[in-house]
Amino acid sequence: MTTTTDTFTGHKGLELEVPLLFEEGSYEKSGVDMPEPSGTSRLGDLCAEQPVELPAFAEPQAMRHFVRLSQKNYAIDMGIFPLGSCTMKHNPRLNERMARLPGFADVHPLQPVQTVQGALGLIHELQHWLCELTAMPAVAMSPKAGAHGELCGMMAIRAAIEAKGEGATRTKVLVPESAHGTNPATAAQCGFTVHKLPATEDGRVDLAAMTEKLSDEVAAIMVTNPNTCGLFERDIREMAEAVHEAGGYFYCDGANFNAIVGKVRPGDLGIDAMHINLHKTFSTPHGGGGPGSGPTVLSDALAPFAPVPAVVKSGESFEIIEQAEGDMEQAFGRMVAFHGQMGMFVRALSYMMSHGADGLRKVAEDSVLNANYVRVRLAEEMTQGYPGTCMHEALFSDRWLKDTGVGTLDFAKAMIDEGFHPMTMYFPLVVSGAMLIEPTETESKASLDEFCDSLLGLARAAKAGEKERFTQAPRYAPRTRLDETKAARKPVLKWTPANPEAMAAE
Amino acid sequence: MRYLPLTDADRQSMLKTIGVETVDELFSDVPEGALNPALDLPDHMPEMEVERRLTRLSRQNHLGSDGPFFAGAGAYRHHVPATVDHIIQRSEFLTAYTPYQPEIAQGTLQYLFEFQTQVAALTGMEVANASMYDGSTATAEAALMARRITKRNKVVMAGGLHPHYAEVVRTNEELIDDKVLQAPATPGAGAVLDMIDDETSCVIVQSPDVFGFLRDLTEIAKKAHEHGALCVAVVTEAVSFGLLKSPGSQGADIVVAEGQSIGNALNFGGPYLGLFAAREKHIRHMPGRLCGETTDTEGRRGFVLTLSTREQHIRRDKATSNICTNSGLCALAFTVHMSLLGGHGLRKVAQLSHEAAVKTADALASVQGVEVLNDAFFNEFTICLPKNASDVTDVVAAKGIIAGVPGGRLWPGREETENLLIVAATELTTDEDITALKTALEEAL
C-alpha cells in the first residue's frame, strides 16, 4: 500500500537506496579492459575450471554505486565528530597528496636498500620527530595500529622481564577500570594476568592503593595519560618511581597523546613504553576503521628488546636491520611482514612538518581549550563525570537524565537528528551512562557554539518530558534504529542468492 | 596555522567563559618542570615547503614504474583502476570513524558486507571478517584462533611459508609458551605432512608458497583433520584466487591472505589488507570485526557490526584478540577494484600475470648458469644462480632493473638460500621488461 509520501523508486530526493553489488552487477562482464590472454598454463592440476562467481560493474555503475553508498556516511568533513578518545580531527589533504607521490606509493618493501634511500630517510626522520616529541630514546615503527603498538610495548616488557630471569614470577599487570578494552586484552595476549588498579574519587589512579598492590609479581602497570576520563594523571611521576622501585615497567597508553603533544613529553615523566596512534594525534585518516599505525616509543631499559625490522643511519645512508643480530640481538621478534605503515608515516610526517614544534603545541592547547569550553557550556544542563577542568575531552554522566525516561543511547541518537555524530557512549566504564566528548582543535568557536546550543536544547527537551524526540530518534538518518540483537542471534555475514531473509528485506 | 580555526580573540573569550586567565592553567596537573619543554624541531611550514621537502625525499627512491620490475614475495605490483583511488578519497569514506553508529554509517557497513561476501567467495569459505592489518598478522591470528578451538599448543608451519609470516607467528605464539615448528625453507620440499601429530593445533601452509610452488592442500588438510588439527591456508598473492582452486575447496579450515594486490599500491610495505575467512561453525572464535545484516524499525535492510561480544571493548582480557581496527580503507579499495573486475576480470588479470611469469621463466631458463626450480607456478618462481643473488640483484638494480627478491633478503645469513632469486611477474610486465632482465642477468653472471 503506497501513500503520497512514498515514492515509486524507494528513493527520497537525495536520499538514494543502494542495492548490494551482487544484486545489480553483471556476472558476465568485467569493468576493466585488458588484453586477451593466450591461454598458456603451467599451473598443473590446481587450476580452477571456472572463474569465481562474483559480479562486476562497468565503471559508471561502480562510481554511482559507491558514491551513493558514501552519502550514507557521516564524516569529519561534514561536521563535528566528537567521539571521545577517538580523536576525529580534520585530515589535511596535503597528507593524502604526499602519500600518493609515486616515490612513496610505488615502491616495493623488499627492493634493494640503495634504491629506497628516500623511503628509509623518511622513516628515519619520523623516528626523530616521535622520539623528540616524547623524550624517548627509541621507537619501534612496525606496529600496524594502536592496539598492535600496545602489543609491541608489552612484548618488549615481557622480553625484558625474561632477560632478568623473572619471566615465571612477574606475571601480573595492573590496569585501571577506566582503561580501553585493548589494554587488558593485550596484557592477556602476552600471557599476563590482569588486575585492577584502584582509582581515586576524582577519576585518577590511586597512588597509595597502587603502591600497595605492587610486588615482585607485578610486571607492569598500563595507564593511559591523559586518562580516558580526560584527566591528567597528576601523580604520574610518583607512579613511575613506585613501579620501577618494585622492579616493574610503566606502559603508557598513548591514545590521548594529542592532548599534550608539544606541551609535555612522556619520557620526562618516567614511562617505559607508549604507542602513538598516528591516526589520532597526527591525523592520518580513520578511513571508516583503519588502517591505523602505532609506532611505539621505548625507554633505555626496553629499547634493546625492540622488534625487527629497524631503520638505522649508517654514515650518509640508511639501512634496515631485518634480523635479531648485532645491535638487535635481543629483539623480541617480528610483529609484521615488511616495515610498517609507510603510507601513514608519510601522512604523519607531512602533518608534523606542517605544524612544526610551535603548531603542535598549539594543537594540544586548542584541543584542551575547546574541550573545556564545551565542558563549561554543557555543565549548565549536564552533570560532569568528575569536577574540575579537563584535558582534551569532557566527560559527563547520565545523572542529569535521571527520571526523564531518556537514556544515554537515546540522547546520542537524537544528536544524529540534529546533524551531529554522537559522542562516545558508555565509555569509560567508571561513570554511569558515560558521555565522552572530544571536540578536537580543528573545530571553530562557531561550530562549538552550534553544537553546545543544540545539546543544551536537547537536554532541556529531555528534562521537559519530550521523550519521543529521543526514543524515536534518529528520524532523519538513512536508517532508523537497527536491530543489533537480530544481527547477532542469527548472523548473516555475506550475501547469498537464496537467502530468504535478504529477500524479505527488499 | 592553517589547520587551526580559533582566532586569538576566540581564545580569549573562551578562556573567560571557562574562568581561567591562560591556557596553561588548564595544564596545572602537569608535574613541575615538565610543561612546555624546548623541542629540537623546526617550526611550522607552509604547504608548499612541506611539499617541496617530501617530494625531494620521494625522488630518492626507485619506482616500480622506473623500469623492469620483478619483485614479489608478499607484495605485488598490479594495475589499479583510477576509479578506486577516487572512491577511497571520498570524504565520507576517508574521514569516517569505525561504524559504531550504524544509522549514519551504512556506507561503510554495506561495503564491508560486500567485502566479506567477496572474500568468502574468493577463498571458498563460508564466512569472512571485515579485514585485518595484513596477511602476516592475519596468519598469527589464525594460529591463535586454532589454539582456542583445539585447545592445543603446538603450531606446525610449512617450509614454504613466507619467513616474515613465520616469524610473526613465532613471536605471537612463543609469547604464550606455545611450541612452533617449521619445516626447512627449501624450495619444493614438502616435509610438513610428517610433522602433524595429535598435539598439533594447526598446520599452516602457504600456496603458492614463498618460492612460488603450488601446494595441493587436500592431503595436508586430510591429515590435519585425522589428528584433530586445523588446516590454515595462507595466500600472499590475492590475484591467484582468480585462477587457482580455492583453499576452501581443498579442505582448509581457516584461510588468511594478503589482499594488497587487489586495489592497493605497494606503499613500501603498508598499509596492506589482511583477509581472514573461516568455516561458519568457528564464527565465534574469529578475531576482528564482523559486519552483519539486519533490519531497522521500519523493516528496511541495514547493516551493523555484530558478534562484538568476542571483542576487546566488551570482553576485555577474555577477548578473542586485542584488535580494534581493521584495514577499512584498504578493504574499500579491494571491494571497488573487485567490483570492477568481477570473477571474469580477476581471472583475466590472474591469467595475464601467469602468462607473463611463464614467459619470464622461459627467458631466464635460457641464461647460462640460471636454473628455474619450479615446474608449476602461478606468477612467481624461484631461480638458482651460480653466485650470491643479493649481489646480482644489486648489480642489476644499478641498471634500473628490480630483478626480484634475493634469498639473502628473506633469510639473512643463511647459506642454502643465498643464491636463490624469487621472481614475480604481473599483467604489468611487458616483453621488453623480460628481455631487459634476461640481458642484465646474462651480463651480471
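The values are calculated or read from the model by the stated rules, or taken from the named source; none is laboratory data. Being a predicted model, the structure only gives us computed values, none of them experimental. As a convention, Cβ positions derive from the backbone with ideal geometry for all residues, glycine included, and neighbour counts pool all protein chains shown.
Look at A:D327 and say whether it is outside the structural domain of A:V430 (by TED's automatic domain parsing) and more than 15 Å from A:M435 (Cα to Cα).
Numbers: outside the structural domain of A:V430 (by TED's automatic domain parsing): yes; more than 15 Å from A:M435 (Cα to Cα): yes.
When the stated conditions are applied, A:D327 passes them.
Which residue out of B:C231, B:C202 is free of Cβ contacts under 8 Å to residues at least 60 places away in the same chain, more than 19 Å from A:A48 (Cα to Cα) and in contact with a Leu (Cβ under 9 Å, 6 or more places away or on another chain)? I'd like the intermediate steps shown before the answer.
On the way: B:C202 fails: free of Cβ contacts under 8 Å to residues at least 60 places away in the same chain.
Selected residue: B:C231, the only one of B:C231, B:C202 that is free of Cβ contacts under 8 Å to residues at least 60 places away in the same chain, more than 19 Å from A:A48 (Cα to Cα) and in contact with a Leu (Cβ under 9 Å, 6 or more places away or on another chain).
Pairs only if they're at least six apart or on different chains, beta carbon under 6 angstrom, first in region B:407-418 and assigned by TED's automatic domain parsing to the domain that holds B:C384, second of a type in the set (D, E, K, R) and in a loop (DSSP other than H, G, I, E, B); list them, first residue then second.
Between residues of region B:407-418 that are assigned by TED's automatic domain parsing to the domain that holds B:C384 and residues that are of a type in the set (D, E, K, R) and in a loop (DSSP other than H, G, I, E, B), the close pairs are B:G407/B:E418; B:G408/B:E418; B:P412/A:E322.
Which one of these is of a type in the set (S, T, Y), surrounded by fewer than 22 Cβ atoms within 10 Å (Cβ to Cβ), outside the structural domain of B:I422 (by TED's automatic domain parsing) and in contact with a strand residue (DSSP E or B) (Cβ under 9 Å, 6 or more places away or on another chain): B:T137, B:T150, B:T186?
Numbers: B:T137 fails: surrounded by fewer than 22 Cβ atoms within 10 Å (Cβ to Cβ); B:T186 fails: in contact with a strand residue (DSSP E or B) (Cβ under 9 Å, 6 or more places away or on another chain).
B:T150 is the lone residue from the list that is of a type in the set (S, T, Y), surrounded by fewer than 22 Cβ atoms within 10 Å (Cβ to Cβ), outside the structural domain of B:I422 (by TED's automatic domain parsing) and in contact with a strand residue (DSSP E or B) (Cβ under 9 Å, 6 or more places away or on another chain).
Can you tell me which of B:L39, B:L26, B:L54 is closer than 24 Å to A:A394 by Cα and without any contact (Cβ under 8 Å) to a residue 60 or more places away in the chain? Step through it out loud before you land on a result.
Working: B:L39 fails: closer than 24 Å to A:A394 by Cα; B:L54 fails: closer than 24 Å to A:A394 by Cα.
Only one candidate qualifies: B:L26.
Only one of A:G203, A:G191, A:G181 is touching a helix residue (DSSP H, G or I) at 6+ places or on another chain (Cβ under 8 Å), farther than 13 Å from B:R315 by Cα and within 12 Å of chain B (Cβ to nearest Cβ). Can you tell me which? First the steps, then the outcome.
Working: A:G203 fails: touching a helix residue (DSSP H, G or I) at 6+ places or on another chain (Cβ under 8 Å); A:G181 fails: farther than 13 Å from B:R315 by Cα.
One residue alone meets the criteria, A:G191.
Quick one: which of A:S85, A:S30 is within 30 Å of A:A348 (Cα to Cα) and modelled with pLDDT under 95? I'd like the intermediate steps shown before the answer.
Working: A:S30 fails: within 30 Å of A:A348 (Cα to Cα).
So the residue among A:S85, A:S30 that is within 30 Å of A:A348 (Cα to Cα) and modelled with pLDDT under 95 is A:S85.
Condition test on A:A179, is it modelled with pLDDT under 95, buried (at least 18 other Cβ atoms within 10 Å of the Cβ) and under 23 Å from the mean Cα position of the chain (by Cα)?
yes
Tally up the residues in region A:1-49 that are of a type in the set (S, T, Y), surrounded by 12 or more Cβ atoms within 10 Å (Cβ to Cβ) and under 23 Å from B:L340 (Cα atoms), please.
Within region A:1-49, residues that are of a type in the set (S, T, Y), surrounded by 12 or more Cβ atoms within 10 Å (Cβ to Cβ) and under 23 Å from B:L340 (Cα atoms) number 3.
As an exercise: evaluate A:L54 against (1) within 7 Å of chain B (Cβ to nearest Cβ); (2) under 40 Å from the mean Cα position of the chain (by Cα); (3) surrounded by fewer than 14 Cβ atoms within 10 Å (Cβ to Cβ) and give the number of the one condition it does not meet.
(3)
Any residue in region A:67-88 that's more than 7 Å from chain B (Cβ to nearest Cβ): show its pairings with residues that are of a type in the set (S, T, Y) and assigned to a loop (DSSP other than H, G, I, E, B) at Cβ separation under 6 Å, as long as the two are six or more apart or on different chains.
Short answer, once both residue conditions are applied: A:S85/A:T228.
Has region A:99-119 got any residue that is crowded, with 21+ Cβ neighbours inside 10 Å, more than 7 Å from every other protein chain (Cβ to nearest Cβ) and at pLDDT 95 or above?
Yes, because at least one residue in region A:99-119 is crowded, with 21+ Cβ neighbours inside 10 Å, more than 7 Å from every other protein chain (Cβ to nearest Cβ) and at pLDDT 95 or above.
Go over the candidates A:L298, A:L269, A:L278 one by one and state the one that is modelled with pLDDT of 95 or more and farther than 15 Å from A:A140 by Cα. Give the derivation first.
On the way: A:L298 fails: farther than 15 Å from A:A140 by Cα; A:L278 fails: farther than 15 Å from A:A140 by Cα.
The unique qualifying residue is A:L269.
Looking at region B:311-331, can you tell me whether even one residue there is within 30 Å of B:D85 (Cα to Cα), more than 7 Å from chain A (Cβ to nearest Cβ), surrounded by 24 or more Cβ atoms within 10 Å (Cβ to Cβ) and touching a residue at least 40 places away in the same chain (Cβ under 8 Å)?
Yes, the conditions are met somewhere in region B:311-331.
What do you reckon, is A:L493 out of contact with any Ser or Thr (no Cβ under 6 Å at 6 or more places or on another chain), surrounded by 19 or more Cβ atoms within 10 Å (Cβ to Cβ) and assigned to a helix (DSSP H, G or I)?
Working: out of contact with any Ser or Thr (no Cβ under 6 Å at 6 or more places or on another chain): yes; surrounded by 19 or more Cβ atoms within 10 Å (Cβ to Cβ): yes; assigned to a helix (DSSP H, G or I): no.
The answer is no for A:L493.
Out of everything in region B:258-303 that is buried (at least 24 other Cβ atoms within 10 Å of the Cβ) and of a type in the set (S, T, Y), what residue ends up being farthest from B:T426 (Cα to Cα)?
B:T294
Considering A:G405, A:G356, which residue is part of a loop (DSSP other than H, G, I, E, B) and among the small types (G, A, S)?
Working: A:G356 fails: part of a loop (DSSP other than H, G, I, E, B).
Answer to the selection: A:G405.
Of the conditions (1) part of a loop (DSSP other than H, G, I, E, B); (2) over 17 Å from B:N322 (Cβ atoms); (3) in contact with a strand residue (DSSP E or B) (Cβ under 8 Å, 6 or more places away or on another chain), A:D216 fails just one. Which one is it?
(3)
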